[in-house]
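Report on one structure; see the data block that follows.
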Ligand code: COA
């Protein structure tokens, strides 16, 4: 039996401050009805000053280690997906390493926007399967509230802050197919201008705000994610009927529903958190996974399909036997 990456524990962190659509509508030219109808979102969490990507990532990671019954000394490496790092460098992952009291191994960030967690999971899984590490924290942590353009009602109502984490451990010889069965990641850089941040620390006088051509992103999201789902199933000789749970990126209720229909899954088998969290980018998949794990919906032995798409365009899937 080859080495597999087992999802030993899952954790999450959400800022205490909850902002409803109605509260947003006091300062943004929008309505609760518009946001609900177009996206499904009813509220989002916004970070306080101290709730940076590193702070929230460390909290989520701590919770994932506790869930796994693991210690900081079990961590061989930390891979953190974010588009809103605390600093250009050092990587947010090494800030998390210090906060957790981890004293060995590696730490680096991955910038793959809303697909960041799937990308990070893919890299961590490859490292575990190749024997480079036995315990890897994979974290998605984002503070999009800091990069939103509050003059653009087409984007500022869509995002929220938070962090999610999983602790992956090397497992073998169990005689079961538990763990990450496959990951697939993709990029199409020619579509880089339909969803992006118009600045960064390397740009003169441009901290940057999120810019999105929503309709185009929507169109590509539905097509690409459907392909990604098909790719994951084909690679594992499975059919949609084998999937117990779909945990999709939480950008828009309509895209999520379209994916559920495509797989023929009943609505209750699709984990949806976009109503409460809005789009938390790289944190959205682990936050949703954590929600359904914590409340006992997702159980050991079940087959879970994760998928996400984000600015790049970048997208991907991971198929996991819990
Ligand atoms: N409140 C009220 N009205 C709004 C609004 C808001 N927050 N945002 C946009 N509008 C208005 C527009 O001004 C436009 O008005 P007009 O027809 O008078 O010009 C109208 O609503 C339609 O705007 P449009 O942007 O075409 O809406 P849409 O139906 O495409 O929905 C999104 C917008 C963003 C919800 C949708 O495109 C979407 O979900 N895209 C994918 C987003 C996504 O998944 N992104 C993340 C990927 S990681």
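Just a few scattered comments:
- Test: residue in the range 269-289 that is surrounded by fewer than 21 Cβ atoms within 10 Å (Cβ to Cβ), more than 18 Å from the chain's Cα centre (by Cα) and touching a residue at least 24 places away in the same chain (Cβ under 8 Å): yes
Matching residues to (1) more than 12 Å from the ligand (Cβ to nearest atom); (2) at pLDDT 95 or above; (3) touching a helix residue (DSSP H, G or I) at 6+ places or on another chain (Cβ under 7 Å); (4) more than 25 Å from residue 238 (Cα to Cα):
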| residue | (1), (2), (3), (4) |
| --- | --- |
| 254 | no, no, no, yes |
| 264 | yes, no, yes, no |
| 273 | yes, yes, yes, yes |
| 276 | yes, yes, no, yes |
| 280 | no, yes, yes, yes |
| 294 | yes, yes, no, yes |
| 297 | yes, yes, no, no |
| 302 | yes, yes, no, no |
| 311 | no, yes, yes, yes |
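- Residue pairs meeting the criteria (Cβ under 6 Å; at least 6 apart or on separate chains; first under 12 Å from residue 217 (Cβ atoms), in the range 246-260; second near the ligand (Cβ under 9 Å from one of its atoms)): 249/114; 249/284; 249/308; 251/279; 252/39; 255/221
- Residue ID - modelled with the highest pLDDT, chosen from residues in the range 69-96 that are surrounded by fewer than 16 Cβ atoms within 10 Å (Cβ to Cβ) and touching a helix residue (DSSP H, G or I) at 6+ places or on another chain (Cβ under 9 Å): 71
- Among the conditions (1) free of Cβ contacts under 8 Å to residues at least 40 places away in the same chain; (2) under 24 Å from residue 277 (Cα atoms), the only one that residue 119 does not satisfy is (1).
- Of all residues in the range 140-155, those being touching a helix residue (DSSP H, G or I) at 6+ places or on another chain (Cβ under 8 Å) and either within 8 Å of the ligand (Cβ to nearest atom) or assigned by TED's automatic domain parsing to the domain that holds residue 310 (or both) number 2.
- The range 51-63: number of residues that are crowded, with 23+ Cβ neighbours inside 10 Å and farther than 21 Å from residue 18 by Cα: 1
- So residue 129, is it away from the ligand (no atom under 12 Å from the Cβ), touching a residue at least 60 places away in the same chain (Cβ under 8 Å) and out of contact with any strand residue (DSSP E or B) (no Cβ under 8 Å at 6 or more places or on another chain): no
- Which listed residue, of 99, 48, 111, 66, is more than 16 Å from the ligand (Cβ to nearest atom), surrounded by fewer than 19 Cβ atoms within 10 Å (Cβ to Cβ), farther than 16 Å from residue 165 by Cβ and in contact (Cβ under 8 Å) with a residue 24 or more places away in the chain: 48
- Considering the range 1-88, the qualifying helices (runs of 4 or more DSSP H), each wholly inside and each with 2 or more residues that are over 20 Å from the mean Cα position of the chain (by Cα), run over 21-25, 32-39.
- Residue tally, condition farther than 14 Å from residue 145 by Cβ and touching a helix residue (DSSP H, G or I) at 6+ places or on another chain (Cβ under 7 Å), over the range 44-64: 5
The values are calculated or read from the model by the stated rules, or taken from the named source; none is laboratory data. This one's a predicted model, so the numbers in the text were calculated from it and none came from an experiment. Cβ coordinates were reconstructed from backbone atoms using ideal geometry, including for glycine residues, and neighbour counts include every protein chain displayed.
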